[in-house]
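Student: I am attaching a structure below and will ask some questions about it afterwards.
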Amino acid sequence: MPTLTQHISKNYGFKVEEPLVLESGQTLRDLRIHYTTHGKLNSDGSNVVWVFHALTANSDPSEWWPGLVGSGDIISPDEYFIVCANMLGSCYGSTEPLNFHFPLITIRDIVNAHKKLKKHLGIDKILVGIGGSMGGQQLLEWAVQEPSLFEYIVPVATNAKHSAWGIAFNETQRMAIRSASNPSIGLDVARAIAMLSYRNDETYNVTQNDDDGRIDNFSASSYQQYQGEKLSRRFSPFSYYYLSKAMDSHNIGVGQNGIQHALSQIRSKAILIGLESDILFPLHEQKFIADHIPDSVFYSIKSLYGHDGFLIETPQVSEILRKELE
């Protein structure tokens, strides 16, 4: 069997010639889309798997979804042509904000950029679309816009409309970025806030608990600092700011006679996966989606790691996909 190094990721930059008219009415010109492919497109174009990344990931899912995407995994370049685009507004090669003077972008704008890449690649049909969190939001929006494009959709730990709870977390993080003298320092704090929603009390009590009688320098404290500093070394505070706003905009029911009607139009086979310990995208949000897509199944999986479990529990996710896809 070929190894992943024989299917080394191919990174491309694609410049869109025509302007992109945003949902806000503003226009983006000279749009750049960075994307990665693994594997080869077969003769009839029927083996496309489109992976959608979440808030701070890049266009190479073999890096951030190991165990799910890679040679020998359920989404293998030995079998599929895997496409992942760096979303509009991210800082890994696509058009990104360089300051606080950037047009407001939405999930629909991001999907419209994906559509331009699909056309550029000559793809007419997508076998599987899969994404977690903000990636799942993009997938659902696209599946509503083009109900028969995907044969299977796999939205993981996501929702059909971003909740007031999620918006409140995002706004608190943006407040940290805007109020800091240096936006990168603000990003440190924003990420530390986000970790509280990505995990939960059990995660911290199990992994960061101290029983040695210390009165300072707690493990949970150093963990928060570490997570904030780690992200600020690799990610743009301006991308974080505008992408979190895009997440807040997510509502597949706008212009579609409501959310339930929008979901009822999807003709893909839907495999909904949620995490029992997720407090940011609670299980009932994925259950609601499954209840209103005509051809759907719903799975809940256990994880100590809350929302982040969608990236960690790859054996459980793989087993579900193996059962449904085969």
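Student: Which lysines does Lys125 reach when only Cα atoms under 29 Å apart count, and residues fewer than 8 places away in its own chain are ignored?
Tutor: Of all the lysines, those that pass the test against Lys125 - Cα under 29 Å, at least 8 places apart if same chain - are Lys10, Lys15, Lys40, Lys115, Lys116, Lys161, Lys269, Lys287, Lys323.
Student: Of the peptides 130-137, 294-301, 39-46, how do they stack up when ordered by the mean number of other Cβ atoms within 10 Å, highest first?
Tutor: Details: 130-137: 27.9, 294-301: 15.8, 39-46: 13.2.
The densest-packed peptide leads the list: 130-137, 294-301, 39-46.
Student: Rounded to the nearest Å, what's the spacing between the alpha carbon centres of the range 165-235 and the range 20-71? Just the number, please.
Tutor: 28 Å
Student: Additional query: For the range 201-237, which trypsin sites (Lys or Arg not before Pro) are in a loop by DSSP, counting at most 11 other Cβ atoms within 10 Å?
Tutor: Filter output for the range 201-237: Arg214.
Student: Sorted by mean Cβ packing within 10 Å, highest first, what order do the peptides 141-150, 243-252 take?
Tutor: My ranking of the peptides, most packed first, is 243-252, 141-150.
Student: What spacing in nm lies between the two simple spin-label points modelled at Lys15 and Asp201, each 7 Å away from Cα in the Cβ direction?
Tutor: Here the modelled spin labels are 5.5 nm apart.
Student: Given contacts defined as C-alpha pairs under 8 Å and at least six residues apart, what's the relative contact order of the range 234-326, whole-number percent?
Tutor: Relative CO of the range 234-326 lands at 24 percent.
Student: Then there is this: At 1.002 mPa s and 20 °C, plugging the Kirkwood radius over alpha-carbon pairs of the chain into Stokes-Einstein gives what diffusion coefficient in µm²/s?
Tutor: 106 µm²/s
Student: Please sort 106-117, 196-207, 179-190, 83-94 by packing, taking for each peptide the average over its residues of neighbouring beta carbons within 10 angstrom, highest first.
Tutor: The packing order, highest mean first, is 83-94, 106-117, 179-190, 196-207.
Student: Also, I was wondering about something else. Tell me the relative contact order for the chain as a rounded percent, counting alpha carbon contacts under 8 Å between residues six or more apart.
Tutor: 18 percent
Student: Whose amide H sits under 5 Å from the amide H of Ile153, counting only residues 5 or more places off or on another chain, with H placed in the peptide plane?
Tutor: Close amide H contacts, sequence-distant or interchain: Gly129, Lys269, Ala270, Ile271.
Student: Among DSSP bridges having both ends in the chain, what percentage is antiparallel? Round to the nearest 5. Mind showing how you got there, number by number?
Tutor: Numbers: 13 of 36 bridges.
Bridges in the chain that DSSP calls antiparallel: roughly 35 percent.
Student: Would you kindly work out the equivalent ellipsoid of the range 165-246 from its C-alpha gyration tensor and give its semi-axes, the square roots of five times the eigenvalues, largest first in whole Å?
Tutor: Values: eigenvalues 128, 42, 19 Å².
Its equivalent ellipsoid spans semi-axes of 25, 14, 10 Å.
Student: Right, another one. Provide the gained length on full extension for the span Ser221 to Phe100, in nm with one decimal, where the gain is 0.36 nm per separating residue minus the Cα-Cα distance.
Tutor: Working: separation 121, 0.36 × 121 = 43.56 nm, distance 2.99 nm.
Contour length minus the Cα-Cα distance gives 40.6 nm.
Student: Continuing with this model, one more query. In deg cm²/dmol and to the nearest 500, what is the mean residue ellipticity at 222 nm of the chain if only DSSP H runs of at least 4 residues count, each as -39500 (n - 2.57), divided by the residue total?
Tutor: Taking each H run of at least 4 residues, the total per residue is -12000 deg cm²/dmol.
Student: I would also like to ask the following. How much length would be gained if the chain were fully extended between Gln208 and His284, taking 0.36 nm per residue of separation minus their Cα-Cα distance, in nm to one decimal?
Tutor: 24.5 nm
Any read-out appearing in this document is the output of simple, stated calculations on the displayed coordinates, not a laboratory observation. Since the structure is predicted, the reported quantities are computational estimates derived from the model, not experimental observations. As a convention, Cβ positions derive from the backbone with ideal geometry for all residues, glycine included, and neighbour counts pool all protein chains shown.
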